[in-house]
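To start, the structure itself, in structure tokens.
Laboratory data are not the source of any read-out in this text; all were calculated from the coordinates shown. Bear in mind that the values here come from a model prediction, so they are computed numbers and not experimental data. For neighbour counting, all protein chains shown are included, and Cβ atoms are generated from backbone atoms with ideal geometry for every residue, glycine included.
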Amino acid sequence: MEYDNGHWGPSDINEVFAQESCHIFGAADEYAGCSCDVSGYHRVPNLNCKTCTSAQVPCLMNANTLSRCTWSKGQIGWRL
């Protein structure tokens, strides 16, 4: 990570840091090019992946919002 923070800019660095930290604990990306495969400690399928659903929920792993969808929570170890 760097201060410029790519196209997100420095004002959104906290969201990007949170998203990248979730990768450490097994959360999968949910934006274009993602996979529906299982991920994380509880092996939760990536059902909020853009290619897996037509009703994607805005989430940390796809839109860098500070909300976590059910699937991301499960992937980082929260019980579903």
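Looking across region 65-80 at every residue that is out of contact with any Gly (no Cβ under 8 Å at 6 or more places or on another chain) and assigned to a loop (DSSP other than H, G, I, E, B), the one that is surrounded by the fewest Cβ atoms within 10 Å (Cβ to Cβ) is identified as 79. Of all residues in region 6-64, which are within 19 Å of residue 79 (Cβ to Cβ), in contact (Cβ under 8 Å) with a residue 24 or more places away in the chain, not in a strand (DSSP E or B) and not aromatic (Phe, Trp, Tyr)? Across region 6-64, the qualifying residues are 22, 26, 27, 28, 40, 42, 46, 47, 48, 59, 60, 61. If only residues of region 1-31 that are over 24 Å from residue 46 (Cα atoms) and among the polar types (S, T, N, Q) are counted, the one that is surrounded by the most Cβ atoms within 10 Å (Cβ to Cβ) is 5.
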